[in-house]
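Shown next, in structure tokens, is the structure this report addresses.
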Amino acid sequence: MLAAAVSGRESAAGGKDALIRRKIPSTGEEIPVLGLGTSGPFEVGESAAARAPLKEVLDAFFAAGGRLIDTSPMYSTAERVLGDLLTAAMHQQAFLATKVWTRGERPGIEQMTHSAQLLKTPRLDLIQVHNLLDLDTQLRTLRQWKEEGRVRYIGITHYTVSSHGDLARVLSREKLDFVQLNYSPLTRDAEKRLLPLAAERGVAVLVNRPFEDGALFERVKGKALPPWAVDIDATSWGQVFLKFIAGHPAVTCIIPATGKVGHLQDNLGGARGRLPNAQQREEIVKLLA
């Protein structure tokens with residue numbers, strides 16, 4: 001049997017059902033290590049039938065103690081749908097993260113203003129420069145908005161390994177609160193420089209594409225969970241993969257997107273209990289080979 005798993009030491013009080021929490025380095029504010037993405041599932045229309053499962057997801061997410069929801073104007077209707085579904089009580093708990101994805105100062109201001117209107121909030125928690133588009137221009141505006149109290153945190157994003165060098169260069173020269181990047185047990189490139197750099201610079205890390213668009217599940221199709229999965233409190237492959245990511249201390253929050261409450265409940269299990277130690281994380285990687 002492998003060595004004992006490391007404890008989810010950041011967990012809030014509340015027993016085994018509490019979500020593991022991590023601190024945002026720039027302020028010390030804590031957020032759960034499992035968030036919610038909106039790309040895909042929340043890109044629906046006006047029909048009640050299409051939105052009902054999403055409302056169920058949001059109800060379950062907040063009931064479990066979830067906070068961070070990531071969206072973007074790039075995700076067609078996602079901001080509008082999310083804004084329509086969030087209740088006043090949800091707004092009290094939510095940590096809303098969106099992005100700016102355009103060129104030019106005025107278009108950036110207009111887009112971010114529109115995002116806040118769609119999300120029905122006077123102040124956004126986090127705005128990120130999406131895929132580094134027109135970075136310098138948008139960061140100038142974001143810093144001004146932060147000083148004015150229109151946004152609490154600012155950051156940058158990308159979703160490909162080929163962008164990691166660009167992300168690292170920006171992190172090295174700019175003072176930021178967040179960076180969003182791709183990372184999984186199948187794609188570990190962020191471990192080489194980006195994750196250590198984020199820790200060194202005091203930048204919170206959001207992880208996108210945790211399941212590699214389903215590729216991780218294809219790798220383990222038909223395979224039984226390893227016997228030691230019980231030692232990290234994992235009952236599914238999805239939880240094993242999420243716990244691998246959360247096992248890296250530089251990771252602040254993972255943002256898988258889902259529109260199915262069953263998938264959400266399973267994902268939440270990946271943010272509870274014990275996390276894999278270094279040996280177990282390597283075993284997870286081997287299982288995907």
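Among the residues making up the stretch 246-269, a single one is β-branched (Val, Ile, Thr), outside any loop (DSSP other than H, G, I, E, B) and surrounded by fewer than 24 Cβ atoms within 10 Å (Cβ to Cβ): Val261. Is it the case that some residue within the stretch 36-43 is of a type in the set (Gly, Ala, Ser), crowded, with 17+ Cβ neighbours inside 10 Å, modelled with pLDDT of 95 or more and assigned to a strand (DSSP E or B)? Yes: the stretch 36-43 contains one or more residues that are of a type in the set (Gly, Ala, Ser), crowded, with 17+ Cβ neighbours inside 10 Å, modelled with pLDDT of 95 or more and assigned to a strand (DSSP E or B). When you check Met90 against the structure, is it buried (at least 22 other Cβ atoms within 10 Å of the Cβ) and touching a helix residue (DSSP H, G or I) at 6+ places or on another chain (Cβ under 9 Å), yes or no? So Met90 fails the test. Restricted to the stretch 270-279, and to residues there that are over 20 Å from Glu212 (Cβ atoms) and assigned to a loop (DSSP other than H, G, I, E, B), the residue that is nearest to the chain's Cα centre (by Cα) is Arg272.
Would you mind finding the one in Ser115, Ser163 that is more than 18 Å from Leu206 (Cα to Cα), surrounded by 15 or more Cβ atoms within 10 Å (Cβ to Cβ) and either in contact with a strand residue (DSSP E or B) (Cβ under 9 Å, 6 or more places away or on another chain) or of a type in the set (Val, Ile, Thr) (or both)? It would help to see each step written out before you state the result.
Details: Ser163 fails: more than 18 Å from Leu206 (Cα to Cα).
Testing whether each residue is more than 18 Å from Leu206 (Cα to Cα), surrounded by 15 or more Cβ atoms within 10 Å (Cβ to Cβ) and either in contact with a strand residue (DSSP E or B) (Cβ under 9 Å, 6 or more places away or on another chain) or of a type in the set (Val, Ile, Thr) (or both) leaves just Ser115.
Restricted to the stretch 194-215, and to residues there that are touching a Leu at 6+ places or on another chain (Cβ under 8 Å) and surrounded by fewer than 22 Cβ atoms within 10 Å (Cβ to Cβ), the residue that is farthest from Arg21 (Cα to Cα) is Ala215.
Gly238 falls short on exactly one of the conditions (1) surrounded by 24 or more Cβ atoms within 10 Å (Cβ to Cβ); (2) in contact with a helix residue (DSSP H, G or I) (Cβ under 6 Å, 6 or more places away or on another chain), and that condition is (1). Cβ-Cβ distances below 7 Å connect the following pairs, each with a first residue in the stretch 56-68 that is under 13 Å from Thr38 (Cα atoms), a second residue that is hydroxyl-bearing (Ser, Thr, Tyr) and part of a loop (DSSP other than H, G, I, E, B), and a separation of six or more residues or different chains: Val57/Thr258. Listed by position, the helices (runs of 4 or more DSSP H) contained in the stretch 45-107 that have at least 2 residues being in contact with a Phe, Trp or Tyr (Cβ under 7 Å, 6 or more places away or on another chain), at pLDDT 95 or above and among the basic types (Lys, Arg) form an empty set.
Looking at His158, His130, can you tell me which residue is in contact with a Lys or Arg (Cβ under 7 Å, 6 or more places away or on another chain) and farther than 13 Å from Thr252 by Cβ? First the steps, then the outcome.
Details: His158 fails: in contact with a Lys or Arg (Cβ under 7 Å, 6 or more places away or on another chain).
Going through His158, His130 in turn, just one is in contact with a Lys or Arg (Cβ under 7 Å, 6 or more places away or on another chain) and farther than 13 Å from Thr252 by Cβ: His130.
The values are calculated or read from the model by the stated rules, or taken from the named source; none is laboratory data. Keep in mind that what you see is a predicted model, and the values were worked out from it rather than measured. Positions of Cβ are backbone-derived with ideal geometry, glycine not excepted, and every protein chain shown enters the neighbour counts.
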